[in-house]
Each structure stands twice: as structure tokens, then as C-alpha cells.
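Colleague: Right, I'll just put the structure down here and ask away after.
The values are calculated or read from the model by the stated rules, or taken from the named source; none is laboratory data. The model shown is predicted, which means the values in this text are computed figures rather than measured ones. As a convention, Cβ positions derive from the backbone with ideal geometry for all residues, glycine included, and neighbour counts pool all protein chains shown. Note: areas computed on protein heavy atoms with side chains; ligands, DNA, RNA excluded. Shrake-Rupley method; radii C 1.70, N 1.55, O 1.52, S 1.80 Å.
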Amino acid sequence: MGNQIIWESNRISVSRMEETLKIAFWSNSRGRGGVTTNMVCISALTSIAGAGKTILLENHYSCNSIASIILPGERVERLKESGRYYNREGIEYVLKGLYSGGRGDELLHHAAMPLLYTSMYYLPQSYIINKEVFNYEFNLVYKELFYNLELFSDYVFIDTERNENLSSNAILTEADLVVVNLVQDKIALREFFDNYPSIQEKAVYLIGAYQPELLFNYRRICYEYHIPREKIGIMPYNLELSESMSEGRILQFLNRNYEKASGRENDYFMRHCKKSSMMVRKNLINIRKRKMESYPQFYQ
């Protein structure tokens, strides 16, 4: 369970030496960076490894949603039926409830879907609500939302839309760590490193659907853009993973191959997926340490 936070004489007492952190997954290349896939893989491996309870959410609407790769098609259709689930539960239900003064813990308990033996949760998106309405409502209560998500879990993973809208700006500002999903393309790489200095200040990097034979491989990207090796990982392209995603069974694929992967390609993927997950967690540990050193009065 997430941290218990107690207010005492204008200070926050954290019940353990770790606090929940918010991790935004983002890319400057729409539909090419593997943002959703990479986030699900990293968060799932965090949970499978026993490193903590995670919750996933997104601030955008597309057919390639988190639900589409973690839930079989028939289950997604049942959830979408007449809008029942997404009207009464899911992220919009939580936003409206918080705005109306509802208790965040009760709202999240009702709205979040348990996955992976309740060590991983998903807060679904709506297929009904207008995007502009969502951004407006999100902007009204995002601080309360993040506060309650932090109490609910150990890690908050947010699949963040590229567009510079209200919700994306709020997420990227509030995130403790931004995982930038790079593509092996010179123009896209230059566009990011030339235009997003504020994101780079708190970024680590994943190269999604990685293909080592391409010109801009791991070594060249690290060299040309001065990325320390401890801040970058790769997520190799894997055919069976892609097929599992299309069937809404990515979590089953990761669970099945975690201890002993079936076949050389799956072993290659899982080894690098685990390394990338560990890279993200090590950077989160360093962030926690810096916070504790900067604000020792907040920790016991």
C-alpha cells in the first residue's frame, strides 16, 4: 500500500523512508516512440519484481490505449458497453468526484482496476467525454488527484500526450521523472534535443522498438547527445510481444517470460526490459535521496 502521510504542525511526516513518485512517459514522436507499451512493460516489471504497488493512467484518447494492450478485446467491449463503466468509474469519475468534494481514497478504490494480483492498478480512460472537457476538469483538480494517487500506490505511471495541452503541461511539471521515449530517427532526435530543454533536466530515456542495425543505434545516440549510460535503456522490437499486445495480453507475456524466457528473442527482450526497468528505478531512488537531503525536516 502507498505511504501514510500525517499532517502535524505544518509539516508532513512520511511513515517510511520512501515516498511515492510520479513518472511521466512521453515522446516527441507521435505514435512512434512506443510510449504506452514501454510504460506498461516497465511498470509491470516493477510490480512483478516486488518493488512496489503501481498505478497506471493516461491523459489522451486513442485506439492504442493502455486498456487495448492489457485487457482482452471482449473485456474492453464489456467495459465500454453503453458507457456504463467509464461513466461510473475510471478517471473521469474520480475527477468529478474530487471536484465535488468526494474522498479520494474511496473514489480510487471504486475506480481503479486491479491487475497482477493487486500489485498493479489501472485507472481507465473514457471513450465518451470530450477531450477539451477532460483537460479542463483535469486542470481543476490535478493536485488533489496526484495527492490521492500518491497515497494509493508506490509508483504513479502516467502515459502523457505529446500535445502541449493543460493536462500534459500539468503532468510534465508535476512529474518527478520524465521517461522520454526516443525513436531511431535523426530528425526526431534533433527536434527533441533542440526544443525541450526543460524536459531534459529531469529525463531518462528509452529507445522503443529498438533495432541495433539502424544507423542511430544505442551507442551513437548516447555519443551524439551526451546521454550518460545510467540514464538510457533500450526496449527491443519483439514479434511475440506485438502479437500479445494486439490480443490485450501483454501482462501475460511478461509474466510468462519473467523467470525463464521462451526462446532467444524473448530472452533478449526480457533481459533488456529488466535492465531498463532497473535503470528507471535507480534514477527514482536517486531522486528520493536528493529530496531527503534537501528537505530533511519532512522525513523521519
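Colleague: If His226 satisfies all but one of (1) assigned to a loop (DSSP other than H, G, I, E, B); (2) surrounded by 14 or more Cβ atoms within 10 Å (Cβ to Cβ); (3) at positive phi, what's the number of the condition it fails?
Modeller: For His226, the exception is condition (2).
Colleague: While we're on this one: Would you say Lys260 is surrounded by fewer than 18 Cβ atoms within 10 Å (Cβ to Cβ) and in a loop (DSSP other than H, G, I, E, B)?
Modeller: Yes; evaluated as a whole, the condition is true for this residue.
Colleague: May I pose another question? Can you go through Lys274, Lys231, Lys282 and tell me which one is closer than 21 Å to Val40 by Cα, in contact with a Leu (Cβ under 8 Å, 6 or more places away or on another chain), modelled with pLDDT of 95 or more and surrounded by 12 or more Cβ atoms within 10 Å (Cβ to Cβ)?
Modeller: Lys274
Colleague: So if I check each of Glu161, Glu137, which one is under 17 Å from Tyr61 (Cβ atoms), touching a His at 6+ places or on another chain (Cβ under 7 Å) and of a type in the set (Asp, Glu)?
Modeller: Within the list Glu161, Glu137, the selection yields Glu161.
Colleague: Just the residues that are part of a helix (DSSP H, G or I) and either under 26 Å from Lys291 (Cβ atoms) or in contact with a Leu (Cβ under 9 Å, 6 or more places away or on another chain) (or both), please, taken from the stretch 181-219.
Modeller: Lys186, Ala188, Leu189, Phe192, Pro197, Ser198, Ile199, Gln200
Colleague: Please pick out the residue among Leu239, Leu206, Leu177 that is within 17 Å of Cys273 (Cβ to Cβ) and under 17 Å from the mean Cα position of the chain (by Cα).
Modeller: Answer to the check: Leu206.
Colleague: How many residues are in contact with a Phe, Trp or Tyr (Cβ under 6 Å, 6 or more places away or on another chain) and closer than 23 Å to Ser27 by Cα when one looks only at the stretch 133-162?
Modeller: 2
Colleague: Under 7 Å by Cβ, and 6 or more places apart or on different chains, what pairs join a residue from the stretch 233-247 that is without any contact (Cβ under 8 Å) to a residue 40 or more places away in the chain with one that is in a loop (DSSP other than H, G, I, E, B)?
Modeller: Tyr237/Gln211
Colleague: Something else about it: Is it fair to say Val133 is more than 25 Å from Asn286 (Cβ to Cβ) and either crowded, with 22+ Cβ neighbours inside 10 Å or aliphatic (A, V, I, L, M) (or both)?
Modeller: Yes, satisfied.
Colleague: Would you tally the residues in the stretch 37-51 being open to solvent by 20 Å² or more (accessible area, probe 1.4 Å) and either assigned to a helix (DSSP H, G or I) or within 12 Å of Ile23 (Cβ to Cβ) (or both)?
Modeller: Residues meeting the conditions: 2.
Colleague: Further question on the same structure: Please indicate, with yes or no, whether at least one residue in the stretch 112-132 is in a helix (DSSP H, G or I) and either among the aliphatic types (A, V, I, L, M) or modelled with pLDDT of 90 or more (or both).
Modeller: No, that holds for no residue.
Colleague: A follow-up question, please. Restricted to the stretch 186-203, and to residues that are open to solvent by less than 50 Å² (accessible area, probe 1.4 Å) and touching a residue at least 60 places away in the same chain (Cβ under 8 Å), which residue is farthest from the chain's Cα centre (by Cα)?
Modeller: Ala188
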